[in-house]
Amino acid sequence: MRSSLRQRAIAVCDEKIAKKGATVGLSFYAFFANKNDQPELLMEAATWWIKTHELDHFEKAVKIREMISSGI
């Protein structure tokens, strides 16, 4: 996953956790606006989430932040 996407994903996770607590869940769609204006980046996130790590549609933001921060 490219650095800019990692940074965005971590920021989104931090924001969701701050607003809703450590148990909040999210999907990779949370990293994007409600329009498909960056299809390559969306597919990169989807590949990381679904194909590489076989994650469920919704995962805990804390888990995702830890995975991304550790470089997984």
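Would you call Glu44 out of contact with any helix residue (DSSP H, G or I) (no Cβ under 8 Å at 6 or more places or on another chain), closer than 17 Å to Gln7 by Cβ, in a helix (DSSP H, G or I) and not basic (Lys, Arg)? No: the conditions fail for Glu44.
Per the listing Glu54, Glu66, Glu40, Glu15, the residue uniquely at positive phi and free of Cβ contacts under 8 Å to residues at least 12 places away in the same chain is Glu54. Looking across region 13-41, the residues that are outside any loop (DSSP other than H, G, I, E, B) and loosely packed, with under 12 Cβ neighbours inside 10 Å come down to Ala18, Lys19, Pro39, Glu40. Listed by first and then second residue, the pairs linking a residue in region 25-36 that is farther than 10 Å from Ala9 by Cα to a residue that is in a loop (DSSP other than H, G, I, E, B), with Cβ atoms under 8 Å apart and 6 or more places separating them unless they lie on different chains, are Gly25/Phe58; Leu26/Phe58; Ser27/His57; Ser27/Phe58. Looking only at residues in region 43-59 that are more than 10 Å from the chain's Cα centre (by Cα) and surrounded by 15 or more Cβ atoms within 10 Å (Cβ to Cβ), the one that is nearest to Phe31 (Cα to Cα) is Glu44. If I ask for residues that are in a helix (DSSP H, G or I) and either surrounded by 13 or more Cβ atoms within 10 Å (Cβ to Cβ) or touching a residue at least 40 places away in the same chain (Cβ under 8 Å) (or both), which ones from region 1-12 would you list? Hits for region 1-12 are Leu5, Arg6, Arg8, Ala9, Ile10, Val12.
Only the coordinates and a few stated rules stand behind these numbers; no lab work does. Since this is a predicted model, take the numbers as computed values, not measurements. Here Cβ is always computed from backbone atoms with ideal geometry, including for glycine, and neighbour counts include all displayed protein chains.
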